[in-house]
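The values are calculated or read from the model by the stated rules, or taken from the named source; none is laboratory data. Here the structure is a predicted model, which means the values were calculated and not measured. Every residue, glycine as well, gets a Cβ built from its backbone with ideal geometry; the counts of neighbours run over all protein chains shown.
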Amino acid sequence: MDQCLLITGASRGIGKATATLFQEKGWRVVNLSRTPCSLQDVTNLAIDLENNLISQKDAILSAIGAPDRLCLTHNAALLFKDTVQNLPEIQLRRALEVNVIAPALLNTLVIPCMKAGSSIIYVASALATIGVANAASYTLTKHALLGLMRATCQDLKPLQITTTCVCPGFTDTEMLKEYLGLETEKMKTVIQQAGATRMILPHEIAETIFFSATQSVMNGAFLHVTAGQSV
């Protein structure tokens, strides 16, 4: 059986861990991102999700081919420090393009190629259902991503394509470190203050994604993967 993972943002963090796990399970991996994934045998397409995604249709479809099962995982995201009082238009539009519009457009390109048993996984955040200060655009877009998953579930039921929204809590990724501006030890203190028992490792989110992609009973579910964080 030919099984393919099409993932955005597999160059680091949760995306790279997910690509690693799917490869270990015998899946082909196609990565869409500006920066290539360093894993061997990953097909990298240098695509900027903020611009001209539709124009890359032929390259994307050629890379995935005609697999028996396709898992489309929307992982790439932009995380900015901003508030509702200070939300620059350009920054808001960038977050919307990458976090919401690109997944929606990528769906339209790929769904016609997906056979029964395929899946669409949305990597959101604990902020898909709650809000925190100083992350306005990220919170807004992750709430929208959960809504997109719910629409996907209802629209694709007749095609037997399943969908899940995985909502990680504080995960030990480069993106979180860059946002907080803290080293790992200081991050642990922040995370404990938020009620989590520990930091989540990227491979743990990857395992949740793989489970969701291969278990049809998870259709329409949203999973808080937070290590006890208050949500």
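Here is how the numbers come out for the structure above:
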item: Residues that are modelled with pLDDT of 95 or more, surrounded by fewer than 20 Cβ atoms within 10 Å (Cβ to Cβ) and hydroxyl-bearing (Ser, Thr, Tyr), drawn from the stretch 105-153; result: 108
item: Count of the stretch 64-96 residues which are more than 30 Å from residue 160 (Cα to Cα), outside any loop (DSSP other than H, G, I, E, B), within 20 Å of the chain's Cα centre (by Cα) and of a type in the set (D, E, K, R); result: 2
item: Pairs where the first residue, in the stretch 49-78, is over 13 Å from residue 121 (Cβ atoms) and the second is part of a helix (DSSP H, G or I) and β-branched (Val, Ile, Thr), C-beta under 6 Å, 6+ apart; result: 49/98; 50/98; 78/98
item: Residues that are under 21 Å from residue 86 (Cβ atoms) and without any contact (Cβ under 8 Å) to a residue 24 or more places away in the chain, drawn from the stretch 128-175; result: 131, 132, 139, 143
item: Identity of the residue in the stretch 10-47, within 13 Å of the chain's Cα centre (by Cα) and within 16 Å of residue 63 (Cα to Cα), that ends up surrounded by the fewest Cβ atoms within 10 Å (Cβ to Cβ); result: 33
item: Whichever residue in the stretch 48-101 is surrounded by fewer than 16 Cβ atoms within 10 Å (Cβ to Cβ) and among the aliphatic types (A, V, I, L, M) and, among such residues, is modelled with the lowest pLDDT; result: 54
item: Top-ranked residue of the stretch 158-182 - restricted to ones that are assigned to a helix (DSSP H, G or I) and over 16 Å from residue 72 (Cα atoms), ranked as modelled with the highest pLDDT; result: 158
item: Any chance residue 144 is closer than 24 Å to residue 50 by Cβ, in contact with a strand residue (DSSP E or B) (Cβ under 9 Å, 6 or more places away or on another chain) and among the aliphatic types (A, V, I, L, M); result: no
item: Filter result (out of contact with any helix residue (DSSP H, G or I) (no Cβ under 6 Å at 6 or more places or on another chain), surrounded by 15 or more Cβ atoms within 10 Å (Cβ to Cβ) and not aliphatic (A, V, I, L, M)) within the stretch 172-182; result: 172, 177, 179
